[in-house]
Amino acid sequence: GPYYDSFGGYINIAAKELSYKSIIEALEAGNFYSCATINAGTSGCPTIKNLWVEDGAKLHVEVENAANVVVIKDLRHFGLEAFDGKNTLSSCDFNILGCNWFRVVVTGFNGNKACSNAYFTADLKSK
């Protein structure tokens, strides 16, 4: 079969258009997330469609093809939302009040992962 040099990892970039300038702008702004193919023979990672902070305390995450969503924080407690076997997990909310930073890890049904950048809450603007 074909050989890959990425070892199963790549990034998804939220560029405004498919041009060099737009891609570089998105990378410099941090508008991307990493994907890791954990299980050999599987393809595709879950999608982090959107995430934002409301009122400085609530993180809202929108996803596709997600078995679970974990928010890793600098605090002792982390957040977890998981597929309940009936309803598709498409969005979830997490309390980030008092934390200094967080990142989101989404695991797909095939075990592959999508990982956001780390976000510092002091740098974020609420919607």
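Name the single residue that is modelled with the lowest pLDDT among those in the range 18-36 being in a loop (DSSP other than H, G, I, E, B) and closer than 19 Å to residue 47 by Cβ. Lay out the reasoning, then the answer.
Initially, the range 18-36 is screened for residues in a loop (DSSP other than H, G, I, E, B), giving 18-19, 30-31.
The next check asks that each one be closer than 19 Å to residue 47 by Cβ; those that pass are 18, 30-31.
Details: 18: 95, 30: 88, 31: 91.
So the residue we want is 30.
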- Message: Please go through the range 49-68 and give me each residue that is more than 12 Å from residue 107 (Cβ to Cβ) and under 11 Å from the mean Cα position of the chain (by Cα), ordered by number.
- Response: 49, 50, 51, 61, 62, 64
- Query: When only residues in the range 47-56 that are open to solvent by less than 70 Å² (accessible area, probe 1.4 Å) and either modelled with pLDDT under 90 or in contact with a Lys or Arg (Cβ under 6 Å, 6 or more places away or on another chain) (or both) count, which is farthest from residue 15 (Cα to Cα)?
  - Reply: 56
- Count of residues meeting criterion [closer than 16 Å to residue 120 by Cα, in contact (Cβ under 8 Å) with a residue 40 or more places away in the chain and either basic (Lys, Arg) or crowded, with 18+ Cβ neighbours inside 10 Å (or both)] in the range 62-102: 2
- Which residue pairs have Cβ atoms closer than 7 Å, lie 6 or more positions apart in sequence or on different chains, and pair a first residue in the range 14-32 that is farther than 17 Å from residue 114 by Cα and without any contact (Cβ under 8 Å) to a residue 60 or more places away in the chain with a second residue that is open to solvent by less than 60 Å² (accessible area, probe 1.4 Å) and not in a helix (DSSP H, G or I)? 22/15; 23/15; 26/15; 26/32
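The values are calculated or read from the model by the stated rules, or taken from the named source; none is laboratory data. In this text the structure is predicted, and so the values were computed from the model without any measurement. Cβ coordinates were reconstructed from backbone atoms using ideal geometry, including for glycine residues, and neighbour counts include every protein chain displayed. Areas reflect the complete protein model, heavy atoms only, side chains present, ligands, DNA and RNA absent. Shrake-Rupley method; radii C 1.70, N 1.55, O 1.52, S 1.80 Å.
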